[in-house]
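Trainee: Take a look at this one; I'll ask things after.
Bear in mind these aren't lab numbers, they're just calculated from the coordinates by the rules spelled out. Fair warning: this is a prediction, and the values are worked out from it, not measured in the lab. When we count neighbours, we look across all protein chains shown, and the Cβ atoms used for this are built from the backbone with ideal geometry, even at glycine.
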Amino acid sequence: MRITQMETAIGLLAGCSLFLHLCTAGNFIPPTEVGFIGSLFGYLHSICNLIARISLLSGVLLIIVEAKFPSMVSSYTHVQQHLLPKYLSKMLIASLLFTAVRLIIPGPVTYFSKLYKLCILTNLISAGLAVLNANSYSHSSSVSVRWRPKSTDVKKPEIKRSSSSDADVPTKRHRTAMELLQTETTYLRNLNTILKVYKEPLQKAADEGKPLLAPEDIRNAFGGIDDIAKLHACIHQDLSEMIDNWEEDCCIAHIFTKYREQLLKVYPPYVNYFDMGKEILMKQEKANPELGEFFLACFHEPQSLKQPLNALLIRPVQRLPSISLLINDLHKRTDDGLKDKTELEEAKKVLKQVLSHINEDKRKTEGKMKIFDIVYEVDGCPVEVVSSNRLFVSRVDVATLTDGLYRSGERLALYLLTDVLEVAKWRNRSHGKSAPLLKHIQLLPLSNIISIWDVQDNDECKNLFAVKYKSQGNAIIDGSVNGQEEKLSVLQLLDDRTFKSKWLKALTAQIAEVKQEKVESVMKQVEPMELAGHVKKGSKILKKLTRVKPKAE
């Protein structure tokens, strides 16, 4: 909202009235007078003073804020731009009313009376101008939203109105489009705050040799924000031009389909490394008190609007889902006869594709990063496990019930990767606190696994499954598997939070993909009694298996 000359005059008169009001400090009831009636009038005078001054101050601040920061009030409250003049007039009328009430309440006349009368006069003039301005603004707004057809050869869809009064109110589609622009304005302001208030000062300090944050940490924490801000500056400009020249058949969807490639390019790098950047900032802030003081000073900057950095940095992660919801609403509120109906359907697909691409890219990035964690978590893990074509899928803890992957009675950690199974053993505490808790046993290629046996649960045996595979000792990933011995390792899931069916489904799916077979050929459903022949005699698990009665047919 731009402040007009009349609104500037209203603000000056309201400010003058507020000044005169403050000059008449104190009540009309002299302090020497006592008694219930005198005290009552004194309280009434004070209450009227307070309400009148608050109303005047609110009106002055409303004009100042809109003059300095356009649309800020409408961004953070439900008060839209076309309602601001009405709110301004109501504030000034309220102050005039309570000022007049105070003057009417009985009390002796003091030398402040003349100032008070002048205060009422200026308040009356400002309130009158505010009412005139509100009426003129309401009339101009109603005229501007009316649909005006252009004289072209192409016939446009007819926009149906239920009555002549409907032309004075924006349609639901128009209001949704304005909401889209408003949220885009707020988002772009948040991006610029990150750049101007946080990133650029940190980068400048690093360039001058007095870094509060290392240059690589700045890149990791703020990387991609510049490109996202440039893209959304273009989107915001296109949206503003369309809303300023609004017609019901304009094509908003084209704005987002046009920038499809840019959206696919700028968002994945930022979203993928958002968690890592946030963790870097948290660690560096704890380690460096000067950096913490810098963040605190930035928080109190007027441009930041009291938003901490972590709240600003998550905005790009949330923005595309927010746009997608608004596009869905816009699609619902668009008449079937408009061209934008089909275009919005395409825009929904574009945003869904971008979000799917971001999620898939994030999953792959996290899968690759997790492999590096495995190398550090597992003592003796071969470096060959790190590969550009390999991703982490899942992990479970199991107990060995037979010799196979490892000797019976041990606790293992199984890391499922896209083409291999990393088998690691849990160590006991005798190795010291500094030693890794896991020790590498073998890398089992998924191509070596013949089948997975899903053992039916019962009262005696729960969370059991078996892996039938071709043994190769200390496995080499690309080694030959010809002529190797077949083994069956019976295992029991230890993690109650992991559903056996979910783990087995992921495992068999990866095996089937590597071997290019159907999942049904890899998975085998078995009863507990069928495992009895694969378990050592005299073992506890064998006793449990043999106590299980087969199901009656």
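Trainee: Take the Cβ-Cβ distance between Lys68 and Ala297 as r, set R0 to 30 Å, and report the resulting FRET efficiency rounded to the nearest 0.05.
Mentor: Efficiency computed from Cβ-Cβ geometry: 0.90.
Trainee: Please go through the residue pairs Lys199/Lys364; Lys468/Lys524; Lys468/Lys505 and name each one whose alpha carbons sit more than 18 Å apart in this structure.
Mentor: Going by Cα-Cα distance, Lys199/Lys364 fall outside the 18 Å limit.
Trainee: Along each principal axis of its Cα atoms, how long is segment 171-365 end to end? Whole angstroms, biggest number first, please.
Mentor: That gives 61, 39, 22 Å along the principal axes, largest extent first.
Trainee: Quick one: Cα centre-to-centre distance for segment 294-337 and segment 257-285, in angstrom?
Mentor: Here the answer is 15 Å between Cα centres.
Trainee: What distance in nm lies between label points placed 7 Å from Cα along the C-beta direction at Ser394 and Thr418?
Mentor: Computed distance between label sites Ser394 and Thr418 equals 1.8 nm.
Trainee: Using the Cα centre as the reference, give the magnitude of the dipole from point charges on the C-beta atoms of segment 333-386 (Lys, Arg: +1; Asp, Glu: -1; all else neutral), rounded to the nearest 20 debye.
Mentor: For this selection, approximately 200 debye.
Trainee: By a straight-distance test (C-alpha under 14 Å), which aspartates and glutamates pair with Lys210 as possible cross-link partners, with residues fewer than eight away in the same chain excluded?
Mentor: Qualifying aspartates and glutamates at Cα under 14 Å: Glu200, Glu290.
Trainee: Sort 204-210, 46-52 for me by packing, meaning the mean count of neighbouring Cβ atoms within 10 Å per residue, highest on top.
Mentor: 46-52, 204-210
Trainee: Could you give me the ³J(HN,Hα) list for segment 501-517, computed from phi with Karplus coefficients 6.51, -1.76, 1.60 and θ = phi - 60°, whole Hz, x at Gly and Pro?
Mentor: Taking θ as phi minus 60°, the curve returns 4, 5, 5, 5, 5, 5, 5, 5, 5, 5, 5, 5, 5, 5, 8, 6, 10 Hz for segment 501-517.
Trainee: Given R₀ = 25 Å, what would the calculated FRET efficiency be for Gln237 paired with Leu326, taking r from the Cβ atoms and rounding to 0.05?
Mentor: 0.90
Trainee: Name the aspartates and glutamates eligible as straight-distance cross-link partners of Lys196: C-alpha to C-alpha under 15 Å, and not fewer than 8 places from it in the same chain.
Mentor: Asp226, Asp227, Glu301
Trainee: Relative contact order (percent) for segment 169-285, with alpha-carbon contacts under 8 angstrom and 6 or more residues of separation?
Mentor: Averaging sequence separation for qualifying contacts and normalising by length gives 34 percent for segment 169-285.
Trainee: Now for a different question. Full extension from Leu305 to Val317: what is 0.36 nm times the residue separation minus their Cα-Cα distance, to one decimal in nm?
Mentor: Extra length available between Leu305 and Val317 comes to 2.3 nm.
Trainee: Note the full-extension length gain between Asp457 and Thr257 as 0.36 nm times their separation in residues minus their Cα-Cα distance, in nm to one decimal.
Mentor: 66.8 nm
Trainee: Averaged across orientations, what area in nm² does the convex hull of the alpha carbons in segment 294-358 project?
Mentor: For the Cα atoms of segment 294-358, the hull's average projected area reads 6.0 nm².
Trainee: Could you tally the net charge around Ile218, taking each other residue with its Cβ under 12 Å from the Cβ of Ile218, Lys/Arg +1 and Asp/Glu -1?
Mentor: Overall, the nearby charge balance is -2.
Trainee: Another question, if that's okay. Could you give the length gained on full extension between Val386 and Lys502, defined as 0.36 nm per residue of separation minus the Cα-Cα distance, in nm?
Mentor: Result: 39.2 nm gained on full extension.
Trainee: Just to confirm my numbers, what's the Cα centroid distance between segment 488-521 and segment 338-401 in Å?
Mentor: One Cα centre to the other: 19 Å.
Trainee: Only sites in a loop by DSSP and with at most 14 other Cβ atoms within 10 Å count here; which trypsin sites (Lys or Arg not before Pro) in segment 334-397 make the cut?
Mentor: none
Trainee: Among the aspartates and glutamates, which have Cα under 18 Å from the Cα of Lys90 when same-chain residues fewer than 8 positions away are ignored?
Mentor: Qualifying aspartates and glutamates at Cα under 18 Å: Glu7, Glu66.
Trainee: Which of Thr186, Ala229, Leu281 sits closest to the plus end of the dipole of segment 171-365, meaning its Cα is farthest towards the positive end, when Lys and Arg get +1 and Asp and Glu get -1 on the C-beta?
Mentor: Leu281
Trainee: Using a 7 Å offset from Cα along Cα-Cβ at Asp361, what residues in segment 332-355 end up with backbone N under 14 Å from the label point?
Mentor: Within reach of a label on Asp361: 351-355.
Trainee: Using +1 at the Cβ of each Lys and Arg and -1 at the Cβ of each Asp and Glu in segment 300-402, identify which of Ile374, Gln303, Asn359 lies farthest towards the dipole's positive end.
Mentor: Of Ile374, Gln303, Asn359, it is Gln303.
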